[in-house]
Amino acid sequence: MEIETRQITLWFDDDHPGSLAGVTGILSRHGVNILAMTAGGSRENGRAHFVVDRVELAFNILQNHGYHIVLEDVLCLSVKNVAGALHKSLQLLAEHDINIDYIYAFAQESTEGGMAVIRCDEAARAKTVLMAHFKGLWR
């Protein structure tokens, strides 16, 4: 299971209908698969986070299209789809004084698991803590 990865964070200077579709269209045309994403903002500005299968290619393409983007280290957890599974991971991080900047997660009712993308202040140490307690927490 891959736990540590990088995400693309992208800022929109002018967030309008179609802004996000423009980005996803560019990625689609270049064969980049979006594994997870979240987006938010206002009409004046917006921000989106993407976990993709081909990070370097996506980064270069979006940069060449003039988008303001950065790469950030994140943790991607494949969690069991049962009550409390995500809580156990978050509690472990709290017990080790690791702060979470933000998280986005999803699960599908028809599967045994879901995914959580976590941006925290100490990704390497968080990975060590979570991997030490891997058995039984994740799928």
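Observations
- If you plug the beta carbon distance of Arg47 and Asp14 into 1/(1 + (r/R0)^6) with R0 = 22 Å, you get a FRET efficiency near 0.95.
- Nearest-20 debye value, the chain charge dipole, Cβ charges on Lys, Arg, Asp, Glu: 400
- Rounded tilt (10° steps) of 19-29 against the dominant C-alpha axis of the chain: 80
- Between helix 123-132 and the chain: long-axis angle, C-alpha atoms, 0 to 90°, nearest 10: 40
- Within region 74-132: Cβ-based charge dipole about Cα centre, in debye rounded to nearest 20 (Lys, Arg +1; Asp, Glu -1): 120
- Cut-off of 10 Å, at most 15 other beta carbons, DSSP loop: longest stretch of the chain lacking such GluC sites (Glu not before Pro): 45-108
Throughout, read-outs are computed from the coordinates displayed, never taken from laboratory work. What you see is a predicted model; the values in this text were computed from it and never measured. For neighbour counting, all protein chains shown are included, and Cβ atoms are generated from backbone atoms with ideal geometry for every residue, glycine included.
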